[in-house]
Amino acid sequence: MGVVTNRDGGTGPGGVGTARDGDKGPGNAGTTRDGPKQDRSRATRRRLLEAAVSCLAERGWAGSTVSAVAERAGVSRGAAQHHFPTREDLFTAAVEYVAEERSTALRTLPPQDRRTVVAALVGLYTGPLFRAALHLWVAASNEPHLHVRVTELEARVGRESHRIAVQLLRADESEPGVRETVQGLLDMARGLGLANLLTDDGERRERVVAQWGALVERALG
């Protein structure tokens, strides 16, 4: 699962040229030309976040330095630190960015049958984005200053994922056992994502997902 376009409105580098604040352009009396500069800043930030995700997925925490991310993003280390003063700032922002994009992908799924939804949910936990998050979890378990930030982030992501899953599955959590069924599905998906970190056992995973789809269908009615 690749990284998709960011949600902060970044559109890539803007027009070429420089201007002082307050300079007036033809047909734009009284306006500034901050737009292109802001667009370039957003584009740089997006490249850094995407590069951080790729580094985490491929190299793990130990091999993912700010310099490595900056090089991959095609920017200077100074530019990287302008956007993210510390390494922890960069990588927690990167995983949060991925989580937001994952939620966006879920929210934009068209209405489908529950078994297809189950497969889509599992798919979110078996790609490189989830692998990057796993590396950050491992680092957070040994880094106290990172632990609090990642724990808070994952709690928020978990609540959002559960809420979206309930909507997609058209689940009525007022019914006994329904909430646990949805949470069990998400826990199973994370487990498959963890197993996928070591080997891509796609054929076996397909059978497991198919069985869970049938179980969820029966449990939700």
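The values are calculated or read from the model by the stated rules, or taken from the named source; none is laboratory data. Every value quoted in this text rests on a predicted model; they were computed, and no experiment measured them. A quick note on method: Cβ atoms are made from the backbone with ideal geometry, for glycine too, and the neighbour counts reach across all protein chains shown. In case anyone asks, the SASA skips ligands and DNA or RNA and just uses the protein heavy atoms, side chains included. Shrake-Rupley method; radii C 1.70, N 1.55, O 1.52, S 1.80 Å.
How much length would be gained if the chain were fully extended between Arg107 and Arg204, taking 0.36 nm per residue of separation minus their Cα-Cα distance, in nm to one decimal?
On the way: separation 97, 0.36 × 97 = 34.92 nm, distance 2.75 nm.
Result for the pair: 32.2 nm of gain on full extension.
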Using alpha carbons only, what's the Rg to Rh ratio of the range 102-173 with Rh from Kirkwood? 1.05
May I ask you to give the solvent-accessible area per residue for the range 127-176, in square angstrom, as obtained with a 1.4 angstrom probe? 54
Trp61 accessible area, assembled protein chains, probe 1.4 Å, Å²: 40
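The range 152-221: which trypsin sites (Lys or Arg not before Pro) are DSSP loop and have at most 16 other beta-carbon atoms within 10 angstrom? Don't jump to the answer; show the numbers that get you there.
Working: sites: Arg156, Arg159, Arg163, Arg170, Arg179, Arg190, Arg204, Arg205, Arg207, Arg218; in loops: Arg170.
Qualifying residues, ordered by number: Arg170.
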How high is the FRET efficiency from Ala62 to Leu194, r the C-beta distance, R0 22 Å, rounded to 0.05? 0.70
With a 1.4 Å probe and every protein chain left in place, tell me how much accessible area Val216 has, in Å² to the nearest 10. 0
D_trans [Stokes-Einstein, Kirkwood Rh over alpha-carbon pairs] for the range 74-221, 25 °C, 0.890 mPa s, µm² s⁻¹: 147
